[in-house]
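Each reported figure results from applying straightforward, stated rules to the coordinates on display, with no laboratory input. Please read all numbers here as calculations on a predicted model, not as lab measurements. We place every Cβ from the backbone using ideal geometry, glycine too, and count neighbours over all the protein chains shown.
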Amino acid sequence: MNAIRSFGSGVGNAPRRAKELGPMGVLKAVGNAFAPPPAQAEDGRDQWPSRTSFVLACMGGCAGMGNLLRYPSVVYNNHGLQWYIPYLMCVFLIAIPVLVLEIAIGNAYRGGSVVAYNSINHRLKGTGLAMLYIGFVVGPYFVVNLAWIMTYFRYSFHSPLPWKDDSTAFYEKVVGLNPVPKPGEFTDGNAEIVSWVQYRGITVIGETVGWTIFTWFLVWVSIFRGAGLTGRVVYFTMGLPIVVTIILIGRCCSLPNAGEGVKLYFATWRSGPLADGRLWQTACGQVFFSTGVGFGYFTSYASYNQKHSNAVVDSILVVSSNVLFENIAAFAVFGVVGFLGMYPDPENPVGGFSIGFLTLPAAIVEMPAPNLWAVLLFFTLMVLGYSSAFAMLDAVVTLIMDAQPKWNRTLVVTGAVLISFALSIPYCTQFGYYLLSGIDRWTSDVALVFVVWAECVCSMVVYRWRDVVEQVGMPSFALYNFGYFGGQIIGITIAHTVGAPWGAVAGFVIFIFGTVSSVSIGKKPDSSPPGFWGKNVFLERFWYNAFYSGNQLRRDLNVIVGQGKNWSIPVVWSGILRYIAAPALAIVFGFSYPNFYKLRNDPLHVMGFGVGHIALLLIFCGFIMPKWFDVFIPPSRRGEGNVLYGANVAADPKQMEKNAELEMARKHGQEDLLARGHGSHVHAHNDMLSSSSSNERADQKVATDFSREQSAL
């Protein structure tokens with residue numbers, strides 16, 4: 001009864017309350033009811049409504065059209081259970097370790113990818129920025145892809161379905177493949193370019209532009225209020241597609257002869273392809289791209305988590321759910337494969353676009369109630385893809401809001417959406433599909449692979465590198481890393497120019513030479529490594545060069561993410577990233593240049609190749625000239641990646657927490673609180689920001705003395 005009276009009282013007071021608020025106040029109140037502002041963490045940063053919201057948002061970022069289209073096409077071309085050997089190895093040795101890194105640093109350092117990597121080392125700002133650059137490049141053409149799906153969705157209400165007679169012709173009409181470009185020519189042996197590929201169609205396709213505007217509006221609606229609204233949207237963007245996908249699986253697997261397709265998927269074994277390097281490369285690429293690492297949104301999302309979130313378990317949940325979803329969803333496609341009597345042809349592999357826009361629509365036409373199944377299919381593809389689109393743009397918005405916390409988030413999101421829409425326009429033309437192919441291929445093969453490689457090696461080599469130099473000396477440190485990086489670069493170069501076996505031998509020889517030389521000439525460390533590694537001076541030198549940076553990063557992150565009942569980041573994590581994931585990614589990256597050589601007479605592929613290399617330029621510029629990127633870092637946090645603690649001394653997380661609180665206080669205009677409560681901290685922090693060489697030497701001496709005192713204790 002009390003609840004009823006309270007409700008009645010609220011309704012009765014509504015007119016009076018509306019009069020008090022005025023028209024704009026009422027509009028704001030209604031907006032807050034449907035899109036409430038996010039909750040605030042202890043340090044003042046926006047926070048997810050719940051842990052479930054965070055996990056679902058991460059799942060939405062990595063679970064997209066690639067799970068329902070690209071993955072089945074890859075498995076179809078490499079049919080057989082042998083596929084799961086390299087696939088699952090890549091899941092455990094690449095996907096999960098890299099995701100643990102991205103989520104843990106976002107949670108621990110309370111910032112997006114640029115702020116987080118600056119906290120690892122001030123020279124890694126370019127690495128964090130390159131991750132966001134990739135998402136900003138991919139977002140515009142990804143949304144146009146969704147616009148094509150929406151065009152199919154609209155036509156799904158037509159009866160009969162317009163692709164019934166010729167699905168290929170309808171597909172070409174939607175994406176604008178006509179007129180066909182004039183192919184270019186090479187001289188014999190591809191030595192020189194005779195003529196360039198010529199694209200004749202430049203007309204803008206109006207319907208594609210319209211659906212692109214609609215999709216970008218959905219992105220704006222989903223992220224303009226921050227984590228509070230996004231945390232509610234993801235329940236829809238992940239929950240509904242899962243339900244619809246289960247329905248599609250049931251229908252597709254009940255088609256006549258669907259069992260033949262399922263046998264091809266899950267009841268075939270071919271051991272021969274395991275000896276082919278292309279299978280391993282394909283598996284690595286699929287796991288890498290479907291997981292979604294390297295775009296920066298996992299770090300951004302994790303920065304809105306509670307202070308001591310369980311980063312390791314969250315990473316395992318996200319990757320495991322992604323693996324489970326794409327493997328279960330593949331049953332729908334293989335049911336259609338059996339129904340259509342398809343069988344893999346090594347000479348004509350099937351692509352993800354063919355599965356989504358040709359194979360599945362052709363099968364739907366043959367089903368009872370085809371319009372219903374067409375609507376469900378393209379609606380599911382749209383929702384899955386759109387959750388990835390707003391994740392990529394949200395990471396860019398986080399960068400801006402971290403750097404300028406006083407700016408209005410709604411205006412920032414609006415500006416980012418308008419710029420992204422403008423970048424989408426070229427993909428809405430008759431040559432848009434070809435432009436998409438060129439940009440997508442080299443953004444993925446060059447930029448994305450290199451950025452994640454840089455994540456792995458930089459965090460495991462550059463983090464607190466001065467501690468290593470202090471213990472073993474600069475010559476030893478330089479020689480070891482010459483062997484590590486030189487072995488990868490020279491080995492892969494020889495593999496492509498001479499042969500794979502020779503490349504492997506050369507890479508290992510260079511690495512062993514660097515290792516032996518560094519161990520031989522290094523000085524005796526002052527602080528002994530743990531356990532086995534402290535038995536003699538050679539093991540001590542090797543441990544510092546090979547494992548110290550990654551192990552110390554693990555220890556420092558565990559201070560935040562490994563508290564209480566949380567799972568700690570395991571000891572093997574840093575070794576997997578540096579010595580398994582990074583070399584594997586380097587090998588995949590090495591295939592990019594020979595592949596581009598065959599397409600260098602296509603202007604759109606040349607453009608895509610250049611766009612991909614901008615990410616590499618950002619990484620190198622950030623490393624060489626880190627102050628160029630200080631504009632993206634809040635003033636109170638610019639010195640975090642340049643602090644000296646001393647070997648084996650844990651970092652001080654409270655210092656980073658105070659820095660984050662300073663920025664949030666400035667955001668809310670609480671300068672008086674800064675003056676009273678943090679005055680001493682501000683002075684201390686200004687001292688820390690000093691970058692003169694004399695101060696650096698003094699700080700290093702203090703850190704060395706402190707380290708020796710700790711060792712003596």
Positive end of the dipole of the chain, charges at C-beta (+1 Lys, Arg; -1 Asp, Glu), about the Cα centre: which of Phe431, Phe224, Gly184 has its Cα farthest in that direction? Phe224
Residues whose built amide H sits under 5 Å from the amide H of Thr429, excluding neighbours closer than 5 in sequence, are Ile205
Put in order of increasing Cβ neighbours within 10 Å, starting from the fewest, Phe186, Phe390 give Phe186, Phe390
Cleavage-rule hits, trypsin sites (Lys or Arg not before Pro), segment 116-212, DSSP coil, Cβ neighbours within 10 Å at most 15: Arg200
How high is the FRET efficiency from Ala504 to Ala369, r the C-beta distance, R0 56 Å, rounded to 0.05? 0.50
Just need log10 I(q)/I(0) for the chain at q = 0.07, 0.09, 0.10, 0.11 Å⁻¹, Debye formula, equal scatterers on the alpha-carbon atoms, no solvent, rounded to two decimals. -0.53, -0.86, -1.05, -1.23
Karplus ³J(HN,Hα) for segment 376-393 (6.51 cos²θ - 1.76 cosθ + 1.60, θ = phi - 60°; Hz, whole; x = Gly/Pro) runs 5, 4, 6, 5, 5, 4, 5, 5, 4, x, 5, 5, 6, 5, 6, 5, 5, 6
Measuring from its Cα centre, the chain shows a charge dipole (+1 at each Lys and Arg Cβ, -1 at each Asp and Glu Cβ) which, in debye to the nearest 20, is 1320
Most exposed first, judged by fewest Cβ atoms within 10 angstrom, Met401, Met131 run Met401, Met131
When the convex hull of its Cα atoms is projected in every direction, mean area for segment 198-339 (nm²): 14.1
As a check on your grasp of the helix formula, calculate [θ] at 222 nm for the chain: sum -39500 (n - 2.57) over DSSP H runs of n ≥ 4, divide by the residue count, round to the nearest 500. -21500 deg cm²/dmol
For segment 472-522 versus segment 161-218, the gap between their alpha-carbon centres in whole angstrom: 45
Highest mean first, what order results for 513-522, 366-375 on Cβ atoms within 10 Å? 513-522, 366-375
